[in-house]
Each structure stands twice: as structure tokens, then as C-alpha cells.
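Visitor: Attaching a single structure in C-alpha cells format; questions to follow.
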């Protein structure tokens, strides 16, 4: 039960929103430049497009019988949610660009879109861990800003969380070790390259 709860609490849609909040907190310019109202706007808009809509898609698919479970255990069940998530993130990147959002936020959304599209393509050939891709994203954000802001303590706190999440995915037999590693590396490398 505990391991299932870990998988839910550290679900990619929640981790990615937390990563955006973390970025706004540790980024030296965003933390000062954006008002609380502006930060809240970006977070809520991101949450709607990158979390609520994909979660509703999965719920509708489950209620209509297109998938066996909301956990999306099969690669074929992940296809539509990944397509919708990718489309929402690309749309969000375009919208934030039109709204003249800070470049760091635009790059964060672009990173998420790149990860989602990569996961969507990779999913056609082999299952990969979405949970660990999100963990890689958070790790990449922390590493990127560890050179300009003291966040090494956050990295030290984060790695056990990523480890517990990976362990829960193994325990629940949702992924193999290789799928977890590939997911983490995809998220980490994409973030370090783009952000």
C-alpha cells in the first residue's frame, strides 16, 4: 500500500508542477521579478494544461473502457495520454511565448514538451518510466541552478525521494530497472541540454 501511495504522490503531473514552483523559487531573477499573482498565474495555467487535462483524459478513457486501469500499465494505453500531454505542452509553450513569459519559464515548458514528445515516441517501441523522467527533470533543474544558487542541500534531499519513487515502481512491477534508468536519463539530459 505504501509503495502504491508513493507512486501516486510522486506522479509525473504533480512532480512537474512542483518542478515549476521550484524553478520560480530558486531562479534568482524569477524569484524577484515576478509578483505572487504572476507566479500563481503561470503555475495554475501550467497545472491546467499539463496536469488537469491529461488526468481527465485518463479518467475518461478508464470510464469508457478504453483502458483497464488508470495506472496505464501497457504501452498501448499510454499512447493517447502522451499525445494529449505533448500537444498541451507545445500549445503552452506557444501561449507563454505570446504572453512574453520570462524566458526561463518558456524554456522549462519547452523542456517538458521535449520530454513528453520523446516519451511518446519511445513508448511506441518500449515502455519507459514517466515517473523517473519527471524525477530527472527536477534533478536537472536543481543541477542547472546549483552553480548560481545554493541548492545542493535540495539535491541531497531529492535523491532519496527519487530512489524511493524508483523502488516503488519496481515493487509495483510497473517497470524494469532499465526502464527506470532510461526515464531518469531522458528527463535529466533533456533538462540540462535545454534549460
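The values are calculated or read from the model by the stated rules, or taken from the named source; none is laboratory data. On a predicted model such as this, the values are computed, not experimentally measured, just so you know. Note that each Cβ is placed from the backbone with ideal geometry, even for glycine, and that neighbours are counted across all protein chains shown.
Visitor: For the subset of the stretch 79-120 comprising residues that are in contact (Cβ under 8 Å) with a residue 24 or more places away in the chain and in a loop (DSSP other than H, G, I, E, B), which member is surrounded by the most Cβ atoms within 10 Å (Cβ to Cβ)?
Guide: Out of the qualifying residues, it is 101.
Visitor: For the stretch 6-27, which positions are part of a helix (DSSP H, G or I), more than 17 Å from residue 43 (Cα to Cα) and either touching a helix residue (DSSP H, G or I) at 6+ places or on another chain (Cβ under 6 Å) or touching a residue at least 12 places away in the same chain (Cβ under 8 Å) (or both)?
Guide: Initial filter on the stretch 6-27 (part of a helix (DSSP H, G or I)): 6-9, 12-26.
Restricting the remaining residues to those that are more than 17 Å from residue 43 (Cα to Cα) gives 6-9.
Passing the criteria: 6, 7.
Visitor: Determine whether residue 65 is in contact (Cβ under 8 Å) with a residue 60 or more places away in the chain, in a loop (DSSP other than H, G, I, E, B) and either surrounded by fewer than 16 Cβ atoms within 10 Å (Cβ to Cβ) or out of contact with any strand residue (DSSP E or B) (no Cβ under 9 Å at 6 or more places or on another chain) (or both). Spell out how you get there, then give the answer.
Guide: Values: in contact (Cβ under 8 Å) with a residue 60 or more places away in the chain: no; in a loop (DSSP other than H, G, I, E, B): yes; either surrounded by fewer than 16 Cβ atoms within 10 Å (Cβ to Cβ) or out of contact with any strand residue (DSSP E or B) (no Cβ under 9 Å at 6 or more places or on another chain) (or both): yes.
Considered against the rule, which asks whether it is in contact (Cβ under 8 Å) with a residue 60 or more places away in the chain, in a loop (DSSP other than H, G, I, E, B) and either surrounded by fewer than 16 Cβ atoms within 10 Å (Cβ to Cβ) or out of contact with any strand residue (DSSP E or B) (no Cβ under 9 Å at 6 or more places or on another chain) (or both), residue 65 comes out as no.
Visitor: Tell me which residues, restricted to the stretch 28-47, are out of contact with any helix residue (DSSP H, G or I) (no Cβ under 9 Å at 6 or more places or on another chain) and without any contact (Cβ under 8 Å) to a residue 12 or more places away in the chain. Let's see the steps before the verdict.
Guide: At the first step, the residues of the stretch 28-47 found to be out of contact with any helix residue (DSSP H, G or I) (no Cβ under 9 Å at 6 or more places or on another chain) are 32-33, 35-38, 40-41, 44.
Those that are out of contact with any helix residue (DSSP H, G or I) (no Cβ under 9 Å at 6 or more places or on another chain) and without any contact (Cβ under 8 Å) to a residue 12 or more places away in the chain: 32, 35, 36, 37, 38, 40, 41, 44.
Visitor: Additional query: Among the residues of the stretch 176-187, which ones are surrounded by 20 or more Cβ atoms within 10 Å (Cβ to Cβ) and farther than 15 Å from residue 125 by Cβ?
Guide: Once the filter is applied, which keeps residues that are surrounded by 20 or more Cβ atoms within 10 Å (Cβ to Cβ) and farther than 15 Å from residue 125 by Cβ, the stretch 176-187 yields 180, 184, 187.
Visitor: So, one more: So, residue 65, is that one modelled with pLDDT of 95 or more and more than 18 Å from the chain's Cα centre (by Cα) or not?
Guide: Details: modelled with pLDDT of 95 or more: no; more than 18 Å from the chain's Cα centre (by Cα): yes.
Against the criterion (modelled with pLDDT of 95 or more and more than 18 Å from the chain's Cα centre (by Cα)), residue 65 does not qualify.
Visitor: Spot the failing condition for residue 77; the list is (1) modelled with pLDDT of 95 or more; (2) under 22 Å from residue 184 (Cα atoms), and only one is missed.
Guide: Residue 77 satisfies every listed condition except (1).
Visitor: Same structure, new question: Mind checking which residues of the stretch 164-175 are in contact (Cβ under 8 Å) with a residue 24 or more places away in the chain and either loosely packed, with under 15 Cβ neighbours inside 10 Å or in a helix (DSSP H, G or I) (or both)?
Guide: Result: 164, 165, 166, 167, 168, 169, 171, 172.
Visitor: For residue 76, indicate whether it is outside any helix (DSSP H, G or I) and surrounded by fewer than 16 Cβ atoms within 10 Å (Cβ to Cβ).
Guide: Values: outside any helix (DSSP H, G or I): no; surrounded by fewer than 16 Cβ atoms within 10 Å (Cβ to Cβ): yes.
No; evaluated as a whole, the condition is false for this residue.
Visitor: Quick one: count up the residues across the stretch 121-163 that are farther than 28 Å from residue 28 by Cα, part of a helix (DSSP H, G or I) and in contact (Cβ under 8 Å) with a residue 24 or more places away in the chain.
Guide: The qualifying residues number 3.
Visitor: Looking only at the stretch 31-52, filter to residues that are closer than 26 Å to residue 132 by Cβ and buried (at least 18 other Cβ atoms within 10 Å of the Cβ); which one of those is farthest from the chain's Cα centre (by Cα)?
Guide: Among those residues, the one meeting the criterion is 42.
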